[in-house]
1. Among the residues of the range 191-204, is any surrounded by fewer than 17 Cβ atoms within 10 Å (Cβ to Cβ) and closer than 20 Å to Lys91 by Cα?
2. Pick out the one residue from Gln325, Gln318 that is within 29 Å of Arg262 (Cβ to Cβ), free of Cβ contacts under 8 Å to residues at least 40 places away in the same chain and not hydroxyl-bearing (Ser, Thr, Tyr).
3. Just the residues that are over 28 Å from the mean Cα position of the chain (by Cα) and either in a strand (DSSP E or B) or within 30 Å of Gln53 (Cα to Cα) (or both), please, taken from the range 189-228.
4. Taking into account only those residues within the range 82-112 that are in a strand (DSSP E or B) and touching a residue at least 12 places away in the same chain (Cβ under 8 Å), which is nearest to Cys184 (Cα to Cα)?
5. Select from the range 235-264 the residues that are of a type outside the set (A, V, I, L, M, F, W, C), within 26 Å of Ser65 (Cα to Cα) and out of contact with any helix residue (DSSP H, G or I) (no Cβ under 9 Å at 6 or more places or on another chain) and list them in ascending order.
6. Out of the range 342-392, which residues are of a type in the set (Val, Ile, Thr) and either more than 30 Å from Ile223 (Cβ to Cβ) or without any contact (Cβ under 8 Å) to a residue 12 or more places away in the chain (or both)?
7. Filter the range 282-319 for residues that are closer than 17 Å to Arg419 by Cα, of a type in the set (Asp, Glu) and surrounded by fewer than 22 Cβ atoms within 10 Å (Cβ to Cβ) and give the result.
8. Filter the range 269-280 for residues that are touching a Ser or Thr at 6+ places or on another chain (Cβ under 8 Å) and assigned to a strand (DSSP E or B) and give the result.
Amino acid sequence: MSLSRWSPRAALVVGLVLLARLAHAQAPATVAIESYTLPNGLKVHLVEDHSAQVVAVNVWYDVGSRNEREGRTGFAHLFEHMMFQGSANVKKAEHFQLVERAGGQMNGSTQPDRTNYFEVVPSNRLNLALWLEADRMRSLAVTAENLKNQQEAVKEERRLRVDNQPYSAGLVDSLPTIFDRATCFPYAHSIIGSMDDLNAAKVEDVKAFFDLYYAPNNATLVIAGDFQPAQAKALITQYFGEIPRGQTPPPVACAPQQGTGREQVKRIADNNATLPAVLIGYRAVPPAHADFPALELLGTILGSGESSRLNRSLVREQKLAAGAQALVNPFGPMRGAGIFGALAIANQGVSADSIRAALVREMAQVGRSVTAEELTKAKNAWRAQTIFGRQSALAMSEAVHYAALYLGDVNAVNRDAARFEAVTLDDIRRVATNYLRADNSLSLLIIPEAR
């Protein structure tokens, strides 16, 4: 079309087409997943991507702190350590050495609903990563020596990361008490568990925990990155195929937790803190719940970034807080519950009660004052984080795992964006009204201990 024949109407039509294409381009790319299950129950998801010569091997076990029972807490986190203590064909600490010598990286982590272990290695070392994961699934060395060693490692980790850090102990130990211990014990205790429980653990207890939860029928393997599916399937069958199926773990029960009918307030002395801090937690919903996208976007509007509500109001305008943010499931997602939180650290001379009153005011008014611009910005942030967050093989494997475990269907990785895009201002206002209520909350006031 020549410039002399270009009409305003044609320009409008072409502009709309370009905008539609741009909007489509900004959506997370569709993930092609091949899924199957071995006869022993191991679930496998393959995501082939040859954009970089690396591959991620990521195993999630369907076990976390929610699977622990009273008197035996901390086992899931303990096993995050125990799984690197050697197996039938791998010496203690050799797992790290073999992966690092191959030019890869590895780690593990524990959350309420899952424990994960991963390796990211050059494409030609896929066999090494699979073999290492299979060997410890088949034959972890659960010995009295290894147990004692890792009990001490967990204690040291707690001292370093929790007990000797300002605010950490109060949040880690007290925030889970937002849930009723009698009706929802799985989420009413800390991930790191009780040190008394760990000290009391016997080898027989730990071995029974491993046999029940670290079996192929309680695990999911995701491979993402630069690999050939036929080769990967052959290696998976070779290494994992003969590992025996375990018993079916017992179900986990957590009664609905919203609205206890009373406001809970706890004051916690902290000898590491120099400024008061306040966290108000609200009982929320799991990721698969229809209200979850609106709550997550509300969290972004309230307390993510310089332009968020809490930062503008409490930090910049009122100068009550040195910092403030919102927290959605700070310990990790949960299939049976959820936490929505607002955290603020007071400025010098500002009391914890003043900060709490300011937070309560922000929570009370946000539902009726969120603007369309704020919602659009939050959606853009979620979309950008999701798109950029899937650019590595490891991040892609995590996204696939998340969809399978928390959304109930691995292919939900391709549908989740639609849930967030569909959120309206009415949804934001509704969830703020329904969940950010005093009778649905726990306030933790962390006070510097007098010295």
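1. yes
2. Gln325
3. Gln228
4. Among those residues, the one meeting the criterion is Thr110.
5. Correct list: Pro251, Pro256.
6. Result: Ile345, Val350, Ile355, Val360, Val366, Val370, Thr371, Thr376.
7. Listed by number, the list holds a single entry, Asp291.
8. Scanning the range 269-280 gives Val278, Leu279, Ile280.
The values are calculated or read from the model by the stated rules, or taken from the named source; none is laboratory data. In this text, all values refer to a predicted model and were calculated from it rather than measured experimentally. All Cβ positions, glycine included, derive from the backbone under ideal geometry; neighbour counts span all protein chains shown.
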